[in-house]
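Have a look at the structure below, then the notes.
Any read-out appearing in this document is the output of simple, stated calculations on the displayed coordinates, not a laboratory observation. These figures come from a predicted structure and were not determined experimentally. Cβ: placed from backbone, ideal geometry, glycine included. Neighbour counts: every protein chain shown.
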2 protein chains.
Amino acid sequence: MSNALSAIERFSRYPLGESQSVHCPVRDVLDRIGDKWSMLMIMALAMRPHRFSELHRAVHDISKRMLTQTLRDLERDGLITRHVFPTKPPSVEYRLAPLGQSLLDPMAGLIDWADRCHGDIHAARARFDATHGDVPRQVFPARSKVPPVHKKMA
Amino acid sequence: MSNALSAIERFSRYPLGESQSVHCPVRDVLDRIGDKWSMLMIMALAMRPHRFSELHRAVHDISKRMLTQTLRDLERDGLITRHVFPTKPPSVEYRLAPLGQSLLDPMAGLIDWADRCHGDIHAARARFDATHGDVPRQVFPARSKVPPVHKKMA
DNA sequence: CAGAATCCTCATTGATACTG
DNA sequence: CAGTATCAATGAGGATTCTG
C-alpha cells in the first residue's frame, strides 16, 4: 500500500498542469478509459469476444452511434481488434488485443476498490448532504441584482 | 495477470447495462474519478496537503470554478477533507482522507500501465490512421442530399 | 485567499433515418 | 447485421464578476 507513492512520484515529475495529455500519463489514461463507455466495452470483451449486437445487448443503454465510435477509438488505440466475417448479413467480431489485456489488471484493481468502498462513499455522501445540506460553504446573502429572468427567448 | 478475471467476473454479475451507477461498480468508479480533474487532485494531494491556491497552481489549467466543484465533490464522497483556518485572509487546506488514500494503489496501477503502454498506444494510433486514413469502414458513396451547409446562423 | 453566482460556449451524447 | 450521416439536446466546463 506504499508502492503507490512511487508511481505518484514518478508521475509528479510531469508538469501535472497544462500538459495536453501528451506527456502526462494520468490525462493519457483518462482520455482513454475515462469516457462513458470504453471501460464497459473492455470489461465485456474481457470475458469473451463479442459481436457488435452482442455488445449492444450487453450494455443496451448505449446508442449504436456511441457503440461504433467507442469501438473505433479502442481499435485505433490498439486495445481491441476487429474481425469482419464476410457473411450475409455481415458479422463483425471484436476481441481484446494484447494491449487491452494488459489493461485488465489495473482495471480490476479499480473495480475491487469500487466494490469495497462504494458503501463508505455513499455513507460519506449522505453525511455530507445532511450536514452541508444548506449553508453551502459560506453564506452569501445573494445581493439582489436582477430577477433571474434568464431565458434565451429563441 | 489472471486474477483480473476474478474481478471482471465478479463485476459481470451486475447487469452491466442500464444500471444507473447504483449497482454497477464500474460506472460508480468512473463517475467518481473519471472526470477531467478528480484524479489530478488526488494525485496532488497524495504528495502532501495543499491549499486552494496551491492546487490551482499545481494544475493551473483548471478554472477556479471547476477546482471548487471538484474539491467539493471529492469531499462529499469522503475522499478528501477540508480544513478551514480562520486567518485573515482565510486559508483552506485539503488533504487526502483515508478513503482517498485507499484509492492510491489502484490508481498507481493505472498510471503504471499508462506509463508502460502509451508508446504502444501512440504507435497503434499512427498505424491505424495511416491505414484507415480514408475509407472509414465501409464505403458509402454519400448520396448527395443537401450540401453540408450546416451552420446555426445565430 | 477562497470561494459563489451568473452567463455562455462547445464537446459529448442521444435519436432518428438510411444503407450494403 | 453493422454500421454511416445528420440533427437536436444536454451538460460539462470556461470566463467573468462579486464577496467575506
I'd like the FRET efficiency for B:M47 and B:A130, computed as 1/(1 + (r/R0)^6) with the beta carbon distance as r and R0 of 30 Å, rounded to 0.05.
0.15
Label-point separation in nm, B:L5 to B:H60, each point 7 Å along Cα→Cβ
4.8
Which number do you get for Rg(Cα) / (2.2 N^0.38 Å) in region B:53-131?
1.56
Let me confirm one metric for peptide A:115-123, namely the mean number of other chain beta-carbon atoms within 10 Å of its residues' beta-carbons.
6
Could you give, in nm with one decimal, how far A:E9 is from each other copy of that position, shortest first, with labels 7 Å out from Cα toward Cβ?
3.9
Answer in debye to the nearest 20: the dipole magnitude of region A:31-119 about its Cα centre, from +1 Lys/Arg and -1 Asp/Glu charges placed on Cβ, is 440
Shortest first and in nm to one decimal, what separations exist between B:P90 and its copies in the other chains, measuring from label points 7 Å along the Cα-to-beta-carbon line?
5.9
